[in-house]
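The values are calculated or read from the model by the stated rules, or taken from the named source; none is laboratory data. Because the structure is a prediction, the values reported are computed rather than measured. Every residue, glycine among them, receives a Cβ derived from its backbone with ideal geometry; neighbour counts consider all protein chains shown. Note: accessible area is taken over every heavy atom of the protein model, side chains too, but ligands, DNA and RNA are not part of it. Shrake-Rupley method; radii C 1.70, N 1.55, O 1.52, S 1.80 Å.
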Amino acid sequence: MSLKKSMAIKTVAIFSAFALIIPTTNATAAPKFKLCVALGGIPGILGALGTSGDPIAKAGAKARGWDYYEVSNKLDAPTAVKNADLIVQQKCSALIQFNGRPEVNPTIAKKLAKAKIPVITYDIAQPGWYFLGIDNLGAGKAGGAALGKLIKEKWNCQPDLVLESHGYGAGIVDSMRTGGMVDGLKSVCPDIDKSKFKAFEGNGEIAVSQPAARDILAANPTAKKIAVVGLNDAGVVGPLLAARQLGSDYEAMGWGQDGNLIAGDKVDPDLKGSVLYFLEGYSAYAFEVLDAIAKKQAPKMRDGAVNPAVLVKPCPVSAAQAQNIPIDKVRIKKLAKDPSKTLYSIYCPK
Amino acid sequence: MATNPTQLASHDHKLSKFEMIKKSLSGPGGTIVIGLALIIGTSAIWVGKMTFTSFNLYLVLGYLAIPLIIGIFASFSLLAGVVDLSIGAMVALSAVVFAYLCTGNVNEWLAAAITILVCLGFGAINGVAIVVFGANPIAATLGMLVGLRGLARIISQMRPGTGSSQDAISLMITGLNNFTEAQISFMPVLFIIALLLVFVTQGIISFTRGGRHVRAVGGDIVAARRAGLATERIKFFSLLASAFGASIGGMLYVGKLGGAPVTLGTNMEFTIYAALMIGGYSILRGGVGNPMGGFLGLLIIAVFANLVDNKGLDTRAADIFVGFLLLIIVFLDIRRGGDAFE
Amino acid sequence: MGGITLALADQSGANTKTLSHPAIEAKDISHSFGAVKALVNANISVSAGEVKAIVGDNGAGKSTLLKILSGLVIPDNGQIFLDGEKVSFTSPVEALKSGIQTVYQDLALIDTMSATQNVFVGREELASNWFLKKLGIVNDRHMHQEAIKALSDLGIKIPSLNATVRSMSGGQRQCLAIARAMLFGHKVIILDEPTAALGVHESAQVLSVVDQLRSKGLAILIVSHNMQHVFKITDSITVMRLGVSVASRKTKDTNPEEIVGLITGAISG
Amino acid sequence: MSRLLSNRFKVPSLRKSADSEYLATILVLLGVWIFLIVISVINRSDFLSRATFGAITFNMCIIGVLAIGQGFVVISGGILDLSITVSMLISSFMTVVFYELGWNTPALIIGSILCAGAFGLFNSILVVWLKINPLIVTLATGFAGGGVLLIVFDRKLVDPKSWIADFGTSYLFRFPTAWWPMALLTIGAHFFFKYSRFGRHFLAVGGNPLSAKAMGISLKRMRVSTFVGAALIGGIAGIIFAGFTPEIRPNAGTYYMLPVIAAVVLAGFSLAGGRGSFLALFVSVGFLSTIPTALVFFGLKSIWETFIQGFILIIAVSIDAYRIVKARGR
């Protein structure tokens, strides 16, 4: 009894301690520009989309003498919404936002609009936020067309199966990228039968897309020429591996998105190419908008993927071309040394 | 021959104030309070004034409220000795069902009622498996976790409209959102409600017949049965309580987030139970722990996460903190004579 | 369930009222588990104010008889009388309600709860205020006093009634469990191996509590292997062998050698 | 090492009933599995193809090995190892690290598995010397371990030209090469627990630690062996995982934890310890691995997989518990 009672007393004491100190509100001097980043929280990806901090944004902010603050959305909706409040509390001057749970973006937008914090959103458009990223649909179509060319060359536009490795959690981005790839493929090979397309949940992860693809291949045992499209490289590599696992009589070709697994020397042999966005270097582009905001000459709101504030140029690369592009960690080091450039300008093969 | 009754009783009331404080500080509550003081102190020095602004309080407490509500209801099942691992998935199911109904133009109150009934129904399935058939609670509710995650996804993708399959339903219910964001002075309304719930639950556990019976069942089910308690019914109701808490939590999340992601509550069963264990509950045996302690357990994690957030430190530090704090608290409990493993 | 005071008052009158009948009597009880005959026409009776022991080898049917009396097992044949009235139990709760309380050697108390809470578990007394009563609020203070009174009545010393019972010694726990049985106006208390796990000092403590119970006019049935304790405390002894109650003796008219002989079958009853 | 058991542990009647109990579980699971296959074949005759066989056997590989590790913990009374996927990932990451360092194959395999074992040792130290319940220990180290892995490794890429990648796609005796570790471990575990003295000690400790201690078995030694052993088996799964997954991410473990526990529970392992059959576990893994493939043949989306698996699990544990209660009541 006494234990509980004194615990209650302690709790009350803590809160009254809080309450006593509350009146001491912040009286700030001339505010410094503060750049804030809400990381996406996707493991294994560098930059604002990943978990391990955004070195480019940090370096850029440092070079400009700005304050810098970052949190991670952890791919979790409640965390992403809480982070919006943190950003408000931090009195950020501008926010770079990547949120893998786009369904809560309207709520986040409401909070940030109230605090008048301009937002640059990566890849996922939200009304009122500067859109910075790839034209997902365009990138999808470009990748699909490139794969279509290969299919035309090798299989005379007659694949047995086209696997669409979706990541439904990404919402509209998935529809545009994966759907765009299908459109692009059809633009080259218009006569592929509708029944040949098999959509499934790959979650953008090898650990999910690989077993799922194996099961689909099993259910279509006569299909041996397999084309794979998907939300990202990992979602495409999984099914390619699945085909190799099921036997040497399979012929598989895939074309990825996001370039996460195409650079460097450890590339899946059946991944024929990918569309690089250099997403780890997005923040280099962001400074175009950020500098304007800092000078209080905020650019006109351009918040759609069709009407973007900064369009990241897609860089479709074949596997052969990608061999000369180093992996993301190396790229990021180089860019951090010279943030005036973009990765596209440094690495995209001409 | 007969001992003087007052002499016997005197033992209980002779504790001086100092001893009382010392005694209470030696429990898990004491460790947590000291820990809280350390973290808040660190934050005061390191983060500065921001630690104590009303906005920061809102940040800590406002986002603590929903897990606290879920946790308090789930604590009934811990207390009765049946761990319910399905709460996180139940939160997702509740959110998705509620959002699905609301987007289907069902009145919001009706939708809420249906959602609660659906969740209670699945809670009852847990109950039947565990109480009627005698299934292991960990195994049965794990099955429920897997099943409900799947069901939430199926329902979410059943929703017509967008054409393509979706893993989330976007839905802003203004009234509910305002309610979840409301504040009285510096205190979030939702947190005040959750705190009231803590006190009420504490009262139920400590001072009512029903609460005593739940503790008795968790403490030793055979002895409770021999004392004539309806042990099976009590276990069943504790599972319904945790399902009910999860269903309320899920709907509040829809209001707070303006959407119902099917991934909602992923790993929540582990984070909430870790917090409750830090606060003195046990997932291995019932009958121990109290809501105040559970609240402190959740609070210390929230306060630490807030420090990490405000300093913009690596957010993974919070996970590592939870892991180690759990070990430390349990170890200290064992040192004080708690349940050692073998 | 009535209040405690009422129940205690009942007890004081019990002595005079029920002298004509044994407090509990089991007649011709037979029970088999499949092909195994556990009990064959077993008989036993205990009067109010009497302490009776059931002794016998392992497998003699003691524990089955015990389970039948406490409602855990429904016998194939036979009758049970309480104060001369025929009763039949389909569950332990019914036996409990009729006034038979069994104290098992372990699993009698809930470790995580205090002594007072343990004494009153399942029969918590509610607050007198009608509103608090409706809420199911318990009257801890009164229960605490009742527990102190009952314990001191039986000469049981427990350092703190508010501490959880897990820190208590085996003897204290056993005494507490017996006190609980007494406190609720039970006519018959069955003790299953009350001293089996206890040391010398603690056993003496338990036996003295049993003595107190006898003086309060309760009927007590003890199952024990410990001849020394049996002879120290009981008034009469029933010997069981191979499911049959072979003999009953007044304790003062017999000796351990005879009882052991009866148990092993060296002496026929 | 696996010397035949001395007489003192033989309890003939008990052993017989235990064996028949496992046999019933195995037969029931086998029956359900065959039923699933039969209705799938009736539904679509081309279910029985080489590709289906490949899909199911590949589905089994990682879950199967992890389930053996988990089953090892459960049967030895360690309740559950909630950090077994961390063991797996440590080994996967180290496999890549050692490969990049140019280690030869045996050294790489042993090194990776030992690194996972070291993590198991850490778990067991917390269990044995701090006397913290293993469920809490592994919950905590699972939490913290995931965070640490993310900080230390972030992600690693496996060279597709390496033998590790070949291992993940190749076949041996008509089965996937990666399938054999599970098969061999199943047989090994079965004989280990059935015939070896050390295995019997695990069973004894799992069934009743106090009486095992009274028999002179060192609980500490057994607990350390349990968690190190489980982590070593997790380490084996890690090498397979590296063979399957060219990009190793620390969050990948989340996809395996629940199916693995589900397989162990479905196989009739008692979470109280001391009871379980590794042959049943093999069948259980096979059955659970067939469900997703069969679903696709029925034209159901893969999202139905978890839903169905979950409710099969609830029904299975209910029936199993009911059966035991009934058997005891008789």
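Candidates D:197, D:155: the one that is in contact (Cβ under 8 Å) with a residue 60 or more places away in the chain, open to solvent by less than 40 Å² (accessible area, probe 1.4 Å) and charged (D, E, K, R) is D:155.
The rows are residues; the columns are (1) touching a Gly at 6+ places or on another chain (Cβ under 6 Å); (2) open to solvent by less than 10 Å² (accessible area, probe 1.4 Å); (3) within 8 Å of another protein chain (Cβ to nearest Cβ).
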{"site": "B:129", "(1), (2), (3)": "no, yes, yes"}
{"site": "B:146", "(1), (2), (3)": "yes, no, yes"}
{"site": "B:157", "(1), (2), (3)": "no, no, yes"}
{"site": "B:177", "(1), (2), (3)": "yes, yes, yes"}
{"site": "B:198", "(1), (2), (3)": "no, yes, no"}
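Of the numbered criteria (1) of a type in the set (A, V, I, L, M, F, W, C); (2) surrounded by fewer than 24 Cβ atoms within 10 Å (Cβ to Cβ); (3) more than 14 Å from chain C (Cβ to nearest Cβ), the one residue B:284 fails is (3). The residue that is modelled with the highest pLDDT, counting only those in region A:153-199 that are closer than 18 Å to residue A:223 by Cα and small (Gly, Ala, Ser), is A:165.
Among the conditions (1) within 14 Å of chain B (Cβ to nearest Cβ); (2) assigned to a helix (DSSP H, G or I); (3) hydrophobic (A, V, I, L, M, F, W, C), residue D:279 misses just one, which is (1). Evaluated against (1) more than 8 Å from every other protein chain (Cβ to nearest Cβ); (2) modelled with pLDDT under 80; (3) closer than 26 Å to residue B:290 by Cβ, residue B:6 falls short on exactly one condition, (3).
Per the listing A:303, A:258, the residue uniquely open to solvent by 20 Å² or more (accessible area, probe 1.4 Å) and of a type in the set (Asp, Glu) is A:303.
Taking region A:238-349 as the region of interest, the helices (runs of 4 or more DSSP H) fully inside it that hold 3 or more residues being away from chain D (no Cβ under 14 Å) and more than 17 Å from the chain's Cα centre (by Cα) are A:282-294, A:328-337, A:343-347. Scanning region A:104-120 for residues that are outside any loop (DSSP other than H, G, I, E, B) and free of Cβ contacts under 8 Å to residues at least 60 places away in the same chain gives A:104, A:105, A:106, A:107, A:108, A:109, A:110, A:111, A:112, A:113, A:114, A:119. The residues of region B:162-174 that are out of contact with any Phe, Trp or Tyr (no Cβ under 8 Å at 6 or more places or on another chain) and either touching a residue at least 40 places away in the same chain (Cβ under 8 Å) or under 20 Å from residue B:238 (Cα atoms) (or both), listed by number, are B:168, B:170, B:171, B:172, B:173.
In summary, residue A:270 fulfils each of the numbered conditions (1) under 21 Å from residue A:97 (Cβ atoms); (2) open to solvent by 10 Å² or more (accessible area, probe 1.4 Å) with the single exception of condition (1). Would you say residue C:99 is under 18 Å from the mean Cα position of the chain (by Cα), surrounded by fewer than 22 Cβ atoms within 10 Å (Cβ to Cβ) and more than 10 Å from chain B (Cβ to nearest Cβ)? It is false that residue C:99 is under 18 Å from the mean Cα position of the chain (by Cα), surrounded by fewer than 22 Cβ atoms within 10 Å (Cβ to Cβ) and more than 10 Å from chain B (Cβ to nearest Cβ). Filtering region A:93-118 to residues that are more than 10 Å from every other protein chain (Cβ to nearest Cβ) and open to solvent by less than 10 Å² (accessible area, probe 1.4 Å) leaves A:94, A:95, A:96, A:97, A:99, A:112. On the basis of being under 18 Å from residue D:113 (Cβ atoms) and at pLDDT 90 or above, does residue D:38 make the cut? Against the criterion (under 18 Å from residue D:113 (Cβ atoms) and at pLDDT 90 or above), residue D:38 does not qualify.
Conditions tested, residue by residue: (1) of a type in the set (Ser, Thr, Tyr); (2) assigned to a loop (DSSP other than H, G, I, E, B); (3) free of Cβ contacts under 8 Å to residues at least 60 places away in the same chain.
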residue: C:147; (1), (2), (3): no, no, yes
residue: C:157; (1), (2), (3): no, yes, yes
residue: C:177; (1), (2), (3): no, no, no
residue: C:190; (1), (2), (3): no, no, no
residue: C:197; (1), (2), (3): no, yes, no
residue: C:204; (1), (2), (3): no, no, yes
residue: C:210; (1), (2), (3): no, no, no
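Across region B:205-232, the qualifying residues are those that are more than 8 Å from every other protein chain (Cβ to nearest Cβ) and of a type in the set (A, V, I, L, M), and the one among them that is farthest from residue C:93 (Cα to Cα) is B:205.
In region A:174-223, the qualifying residues are those that are out of contact with any helix residue (DSSP H, G or I) (no Cβ under 9 Å at 6 or more places or on another chain) and outside any helix (DSSP H, G or I), and the one that is surrounded by the fewest Cβ atoms within 10 Å (Cβ to Cβ) is A:191.
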